[in-house]
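Asks: Have a look at the structure that comes next, please.
No value in this document is a laboratory result; all are computed from the given coordinates. None of the values given here were measured: they were computed from a predicted structure. As a convention, Cβ positions derive from the backbone with ideal geometry for all residues, glycine included, and neighbour counts pool all protein chains shown.
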Amino acid sequence: MSQPDHIIRTTCRGCHGVCQVLVHMENQRVVKVAGDPESPTSRGYICPKGAAAPEILYHKDRLTHPLRRAGGRGENKWERVSWDQAITEMAERFDRVRRESGTEYLAVAQGTGRPYTEFTNRFAAAFGTPNFLSPGHNCFLPRVIASTITAGVLPIADIYGFGGKMPACVMNWGCNHAETGASDGMCGAMFKRAFVQAEKKIVVDPRRIGLAEKADHWLQLKPGSECALALAMMNVIIGEGLYDREFVEKYGFGFDRLARHVQLFTPEWAGPITLVSPSSIREAARTFATTRPACIQWGNGIDTSTNAFQTARAMLILMGITGNIDVPGGNVFWVPPRGIRSGLHKLRGKEEGGSLSAEKKAAVIDGRRFPFTPDCHVPTFWKSMITGEPYRTRAIWIVGSNPLLTATEGLTIERALKDYMEYTVVSDLFMTPTAQLADLVLPAAHWLEQDDIAFMHEVWCAMTRKKLAQIGEARDDKDVILEVAHRLGLNDAFLWPDLHAYLDWVCEGTGMRFEEFKEKDLVMGEMRYRKHEEQGFGTPSGKFEFYSTIMEHEGRPPLPVYVEPPVSPTEDYPLILMTGTKGLYYFHSELHQIDSLRKRRPDPVVQINPETAAGLGISDGDWVWVESPHGRVKLKAKLFDGIAVDVVNAEHGWWYPEASPPEYRWKESCANLLFGGDLFDPDTGAEPLKCYVCRVLRPTSSSAHTAE
Ligand code: SF4
């Protein structure tokens, strides 16, 4: 193999991780992306998605020019237009909506948190629309907001040992990033390292994930019963006096009320609910409380139930009563590097006050139905497009998102975009089933085509990303948003003439301009612990709130309450349906056209217990129908004895990019089509993606069509 001309250090953005990588260049072409062994964030780790970056970058199907619809919606007829034409058209259309109907008649939607996140939020706020859509209600936001009202900020498992101690006990709960790569600004490989070396290991998961094989306690709970388990663990810890008296007395708020509240929630109470034996609950609770320091690594499994917010609160309280908050090896509040501007809290109007506070003037479509979700509730939004209640948005800009597949009610979204939305713009790397319904499609830049400062999760470091390639006319989404904002006169919120001026502004406080910052690769904060001893917590009481004053104020339960999933298995639908669990090769609906990844995971799978499968006459590798009260999809059975006999786990986000446009057979295997209706967490609007019901049928069964 030939030698690279040079190797450049940069930061991957294939998912939500913090992996620093070495990019091998040959004749100005990216030929390889490898993990950087000297990276303090990822120590050489790279996952298959990151390693496939050159294949993604140069893929023949990349969008390379702006495309305007030239036929009927969804007819796949397009004409190439220039960027100037595209941006002029967008600015005119958005301005017309603003003048004729009001700012709320434009919606802005984004996919998972990516470099564009800061600008999509900023653009929506500056334009004055409260109708900003993100998947946050089902991912991360329930944990972030619960943390904010309980402790002031999100606590993170202290897996790097900056304080001279690694966690002695790690409880991994509803998270599998040790196997799938990364999440929430954390590197899965670094977490795995901390887990393996911990003295005591606890895994809470309905599936026997890889970490469960190494665990001292694997609590295979029933999906949707997480809050009940956490309450029972509190019952043991408080009842047996294993809590941290000094922390709860000095720094806690409402501990006595909590102690009384959990008296009823014994392991015997939780046993039949969680399907974890009372003795296992007791043992795990004792281990967690008595092995210090201990941390909880949580994940998306917490966010995807109709009890999500209360569950997150309960888990925070477990961290608090055991005194593991902001101590070395516990759950800590990272100290970000000095002088870096970023973070979503600044994008809601706190920095540029007047110009961004316009969003308050217009009524959000969801009517603030869920008190603890800052964004417009996605399912409510799409429903409003059909019903026209309370009003029907006229235009939408969808950035980095494929909601037909990645949101629930995909058929409703399809109808809304086809029949009701007057003007849709989609920015993406590839054509997708959603982009096919747009009026204008914009080619987005891959992370190897972006200069950036990676700091979205505000962890303990900020890293540089370097533009190393240019494919066609693909443009950084931020750059496009900046220009559209300027055309619309939103200069107060978009202060910078161009993206480099913005990046200079982001790192201004470090005394460096971006070009200089870029050479640093990474800047770190100076970690400090036990900050509450000096400054308290950022809550109304200044304490760690076991009893939440904000919840009380909102008329919601101030102490965590378990509420069972809204739908239980029946004779017709006897199995519990989980979906949304991440994989190693794809990121939601992304990357299914990448050959090297597709070879390793060619088909969408549903994990099913061998005993259950045998009863249904299903063998490993059979195509099966998974049917819920809401829909039916075709998936391939994967027999797995690490899942309970009454639970199945269906992969989400599947479509077939190799199939014909405009649909690419997306309706065939998209597991999100199995969900819908009005089943939401009352606090955040989270959906029961991991605790719904279904049945699985062999293709030859009477109600199943031919599956091949
Ligand atoms: S885990 Fe995420 S950030 Fe890390 S290499 Fe993989 S895709 Fe990139």
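Asks: After finding the eigenvalues of the alpha carbon gyration tensor for the chain, what semi-axes result from the square roots of 5 times each, listed largest first in whole Å?
Replies: Semi-axes from the Cα gyration tensor: 37, 31, 26 Å.
Asks: Take the Cα atoms of region 21-115, find their three principal axes, and give me the spread along each one in whole Å, biggest first.
Replies: 56, 29, 24
Asks: In whole Hz, what ³J(HN,Hα) sequence does region 45-51 give by Karplus (6.51, -1.76, 1.60; θ = phi - 60°), x for Gly and Pro?
Replies: Working through the residues one at a time gives 5, 8, 9, x, 5, x, 5 Hz.
Asks: Filter the cross-link list 222/250; 32/634; 200/250; 383/667; 201/520; 165/192 down to pairs whose alpha-carbon distance in this structure exceeds 25 Å.
Replies: In this structure, 222/250; 32/634; 200/250; 201/520 lie more than 25 Å apart at Cα.
Asks: While we're on this one: Counting other Cβ atoms within 10 Å of each Cβ, which chymotrypsin sites (Phe, Trp or Tyr not before Pro) in region 131-198 have at most 14 and sit in a DSSP loop?
Replies: Nothing satisfies the criteria.
Asks: A further question on this structure: In whole angstrom, how far apart do the alpha carbon centroids of region 605-629 and region 300-328 sit?
Replies: For region 605-629 versus region 300-328, the Cα centre distance is 33 Å.
Asks: For region 105-237, what is the convex hull (Cα atoms) projected area averaged across all directions, in square nanometres?
Replies: For region 105-237, averaging the hull's shadow over all directions gives 10.4 nm².
Asks: In what sequence do 656, 45 fall when counting other Cβ within 10 Å, fewest first?
Replies: Ordered by Cβ neighbours within 10 Å, fewest first: 656, 45.
Asks: Which far-off residues, 5 or more places away or on another chain, put their amide H under 5 Å from the one on residue 693, with H placed in the peptide plane?
Replies: Under 5 Å from the amide H of residue 693: 577.
Asks: Counting only DSSP beta bridges with both residues in region 588-647, tell me the antiparallel percent, nearest 5.
Replies: Roughly 55 percent of the beta bridges in region 588-647 run antiparallel, per DSSP.
Asks: Quick one: Cα centre-to-centre distance for region 441-490 and region 127-191, in angstrom?
Replies: 24
Asks: I'd like the Karplus ³J(HN,Hα) series for region 521-529: coefficients 6.51, -1.76, 1.60, θ = phi - 60°, whole numbers in Hz, and an x wherever there's a Gly or Pro.
Replies: Ordered by residue, 3J(HN,Hα) equals 6, 7, 10, 10, x, 9, 5, 10, 10 Hz.
Asks: Would you mind ranking 553, 588, 652 by Cβ crowding within 10 Å, fewest neighbours first?
Replies: 553, 588, 652
Asks: Related question: Of the listed pairs 478/582; 636/690; 60/599, which have alpha-carbon separations greater than 23 Å here?
Replies: In this structure, 478/582 lie more than 23 Å apart at Cα.
Asks: Related question: State, in angstrom, two size descriptors of region 499-540 derived from its alpha carbons: Rg to one decimal place and Dmax to the nearest whole number.
Replies: Both quantities, over Cα of region 499-540: 15.4, 42 Å.
Asks: In addition: Okay, helix-only estimate at 222 nm for the chain: each DSSP H run of n ≥ 4 adds -39500 (n - 2.57), divide by all residues, round to 500 deg cm²/dmol; what do you get?
Replies: Roughly -8000 deg cm²/dmol at 222 nm, from the helical runs in the chain.
Asks: Determine, for 261, 630, the number of other Cβ atoms within 10 Å of each Cβ, and report the residues in order from fewest to most.
Replies: 630, 261
Asks: Here is a further query. Spelling out what I want: for every residue of region 468-476, take phi, set θ = phi - 60°, compute 6.51 cos²θ - 1.76 cosθ + 1.60 (Karplus), and round to whole Hz; glycine and proline get x.
Replies: For region 468-476, the Karplus curve yields 10, 7, 8, 10, x, 10, 4, 10, 4 Hz.
Asks: Please list the non-local residues whose amide H lies under 5 Å from the amide H of residue 204, H modeled 1.01 Å from N, same-chain partners needing a gap of 5 or more.
Replies: Answer set, sorted by chain and number: 172, 173, 174, 219.
Asks: Looking only at the chain, where both bridge partners belong to it, what percent of the DSSP beta bridges are antiparallel (to the nearest 5)?
Replies: 50
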